[in-house]
Amino acid sequence: MTDQSSNQMWGGRFAAGPDAIMEAINASIGFDQRMAAQDIAGSRAHAAMLAATGVITDNDAQAIREGLLTVLSEIQSGSFQFSTALEDIHMNVEARLKEVIGEPAGRLHTGRSRNDQVATDFKLWVRDQFDAAETGLLALIRALLTQAEAGADWVMPGFTHLQTAQPVTWGHHMMAYVEMFGRDLSRVRDARARMNESPLGAAALAGTSFPIDRDMTAQALGFDRPAANSLDAVSDRDFALEFLSIASICALHLSRFAEELVIWSSAQFRFVTLSDRFSTGSSIMPQKKNPDAAELIRAKVGRIYGANTALMMVMKGLPLAYSKDMQEDKEQVFDAADNWMLALAAMEGMVKDMTANRDSLAAAAGSGFSTATDLADWLVRVLGLPFRDAHHVTGSLVAMAESKGCDLPDLTLEDMQSVHADITEDVYSVLTVENSVNSRQSYGGTAPDQVRAQIKRWKALA
Ligand code: ARG
């Protein structure tokens, strides 16, 4: 006689039920119930295949498939009673199916194991998140394109070391992020294509002696093909690791842009005004408008990269095939996915709503000797100086302007000629920021024509 409290799924070998602490550490139902729809889709495909291959009867498959829909609607309506004693989503669903349809429920688990079942469910869940990331990235890219198009020829300072370097255009700066998020998008698409192989039918680890049709279940679940090695299919989580590393890189891009928005929206910069809808106030300082959304986006990379690191550490050193360690994969991926999607949506909203302050950008573009390189290039092009000498002459002129407290275009021709006698009036034409950006016509450069060409290319892609 088996103890009545022992597990209904494997009670045959057990005389006693688990300790309460054992149940607490073992159960995943608290979080893996998020995979209910995927679990039921997998089971419905499996049941249909078992009938098609003659492993179970059509009547049983029919009862199972309909019963599973009943269970799904109970879960979706919130009336389903999840049980910790039943450990995870797989056993909760199957136990309820038994209550709903009786004896045929016991035939569903033929030719499969929770190991291929969980790998299948989790892949389906992660695949949906790759699709959500694709949608979120495309929306963000489109918002950036709109900003870039509006200000394709607006001048602003370009920085290196956060020191004024050379003038660039607002459109060019927006398009830099389009390139970054575009690569994130391509990583998402690559990884989705690579992960889209079905683990279902790998069973516990070795495959099964039942005449199952893995192509049929793969196709029913939208996979490109069945995974080719049953040991691998149940024991790797590299698809989740790719998801987390792609999310980490994208979150890093989001974080850099968020940091720029924090700087740019400050009173000292005033490059952009963030909308009220994406800002917060201060409870004590009435004048404050804080870029909280940008700050939180900036922080998300820590959390998402933390999930990536955590799962790497869970997986390292695990012998093949399945080990229960792998149950720790889900919470990390769920949390990272939720926060990645939220960060993408918040950034899209901020970019859509923000106003670039054209005048502040232009004023800043002209300060800080931003056209010094143009002056040096003029000395090379017109006077034939070697670039190193031109650099030196320009450096002396910058030092002179700095000591006089003015910018380069404010120096008189006599001032200029005191440093190099051959300088002519013509030099002033290259000292304007407009000339500077218009002259950067090299492919990928900041000239408005170049920027518009890239916007056009991206509009066809996104
Ligand atoms: N809840 C488990 C998990 O998330 C399901 C697989 C259990 N398999 C097993 N052999 N104990 O990994």
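Taking A337 and the conditions (1) within 17 Å of G136 (Cα to Cα); (2) open to solvent by 30 Å² or more (accessible area, probe 1.4 Å), which numbered condition does it fall short on, given that it satisfies the others?
That leaves (2) as the condition not met.
Here is a check on your reading of the model: is Q33 under 19 Å from Q219 (Cβ atoms) and either part of a loop (DSSP other than H, G, I, E, B) or within 16 Å of the ligand (Cβ to nearest atom) (or both)?
Criteria not met by Q33.
Considering the stretch 198-211 alone, what residues qualify as being surrounded by 15 or more Cβ atoms within 10 Å (Cβ to Cβ), of a type outside the set (A, V, I, L, M, F, W, C) and touching a residue at least 60 places away in the same chain (Cβ under 8 Å)?
S198, P199, G201, T208 - these are the residues of the stretch 198-211 that are surrounded by 15 or more Cβ atoms within 10 Å (Cβ to Cβ), of a type outside the set (A, V, I, L, M, F, W, C) and touching a residue at least 60 places away in the same chain (Cβ under 8 Å).
Looking at (1) more than 30 Å from G445 (Cα to Cα); (2) more than 17 Å from the chain's Cα centre (by Cα); (3) open to solvent by less than 50 Å² (accessible area, probe 1.4 Å), can you tell me which one A228 breaks?
(3)
Residue-by-condition table, conditions (1) more than 11 Å from L431 (Cα to Cα); (2) free of Cβ contacts under 8 Å to residues at least 24 places away in the same chain; (3) in a helix (DSSP H, G or I):
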{"residue": "K352", "(1), (2), (3)": "yes, no, yes"}
{"residue": "S360", "(1), (2), (3)": "yes, no, yes"}
{"residue": "A363", "(1), (2), (3)": "yes, yes, yes"}
{"residue": "G368", "(1), (2), (3)": "yes, no, no"}
{"residue": "D374", "(1), (2), (3)": "no, no, yes"}
{"residue": "R381", "(1), (2), (3)": "yes, yes, yes"}
{"residue": "D389", "(1), (2), (3)": "yes, yes, yes"}
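Of the residues V126, V118, which single one is touching a His at 6+ places or on another chain (Cβ under 9 Å) and closer than 23 Å to Y322 by Cβ?
V118
Going through the stretch 192-235 one residue at a time, which ones are touching a strand residue (DSSP E or B) at 6+ places or on another chain (Cβ under 9 Å) and within 16 Å of the ligand (Cβ to nearest atom)?
P199, L200, G201, A202, A233 - these are the residues of the stretch 192-235 that are touching a strand residue (DSSP E or B) at 6+ places or on another chain (Cβ under 9 Å) and within 16 Å of the ligand (Cβ to nearest atom).
Out of the stretch 421-447, which residues are within 22 Å of G151 (Cβ to Cβ) and either touching a Lys or Arg at 6+ places or on another chain (Cβ under 9 Å) or crowded, with 21+ Cβ neighbours inside 10 Å (or both)?
Those that are within 22 Å of G151 (Cβ to Cβ) and either touching a Lys or Arg at 6+ places or on another chain (Cβ under 9 Å) or crowded, with 21+ Cβ neighbours inside 10 Å (or both): V433, S436, V437, R440, T446, A447.
Farther than 18 Å from F130 by Cα, more than 16 Å from the ligand (Cβ to nearest atom) and surrounded by fewer than 22 Cβ atoms within 10 Å (Cβ to Cβ) - does that describe any residue in the stretch 316-325?
Taking every residue of the stretch 316-325 in turn, at least one turns out to be farther than 18 Å from F130 by Cα, more than 16 Å from the ligand (Cβ to nearest atom) and surrounded by fewer than 22 Cβ atoms within 10 Å (Cβ to Cβ).
In the stretch 325-345, how many residues are over 13 Å from the mean Cα position of the chain (by Cα) and without any contact (Cβ under 8 Å) to a residue 24 or more places away in the chain?
Residues meeting the conditions: 2.
Out of all the residues in the stretch 288-301, is one or more more than 30 Å from Q147 (Cα to Cα) and not in a loop (DSSP other than H, G, I, E, B)?
Taking every residue of the stretch 288-301 in turn, none turns out to be more than 30 Å from Q147 (Cα to Cα) and not in a loop (DSSP other than H, G, I, E, B).
What pairs can you find where one residue is in the stretch 258-272 and open to solvent by less than 30 Å² (accessible area, probe 1.4 Å), the other is among the hydroxyl-bearing types (S, T, Y) and assigned to a helix (DSSP H, G or I), and their Cβ atoms are less than 7 Å apart, with a gap of 6+ or different chains?
Taking only residues 6 or more apart or on different chains, the pairs are F271/S360.
With the requirement that a residue be in a helix (DSSP H, G or I) and open to solvent by 10 Å² or more (accessible area, probe 1.4 Å), what does the stretch 212-225 give you?
The answer is R214, D215, M216, Q219, A220.
Within the stretch 142-190, work out how many residues are open to solvent by 50 Å² or more (accessible area, probe 1.4 Å) and within 14 Å of H253 (Cβ to Cβ).
Residues flagged as open to solvent by 50 Å² or more (accessible area, probe 1.4 Å) and within 14 Å of H253 (Cβ to Cβ) within the stretch 142-190 amount to 4.
If you check T146, T110, which single one turns out to be more than 16 Å from the ligand (Cβ to nearest atom) and part of a loop (DSSP other than H, G, I, E, B)?
Exactly one of T146, T110 is more than 16 Å from the ligand (Cβ to nearest atom) and part of a loop (DSSP other than H, G, I, E, B), namely T110.
Could you please find all residues in the stretch 286-315 being within 16 Å of the ligand (Cβ to nearest atom) and open to solvent by 10 Å² or more (accessible area, probe 1.4 Å)?
Matches in the stretch 286-315: A310, V314, M315.
Can you tell me which residue within the stretch 46-90, out of those that are open to solvent by less than 10 Å² (accessible area, probe 1.4 Å) and among the hydrophobic types (A, V, I, L, M, F, W, C), is nearest to the chain's Cα centre (by Cα)?
I89
The values are calculated or read from the model by the stated rules, or taken from the named source; none is laboratory data. Note that this is a predicted model, so its numbers are computed, not measured. Here the Cβ is made from the backbone with ideal geometry for all residues, glycine too, and neighbour counts use every protein chain on show. SASA here: full protein model, heavy atoms, side chains in, ligands and nucleic acids out. Shrake-Rupley method; radii C 1.70, N 1.55, O 1.52, S 1.80 Å.
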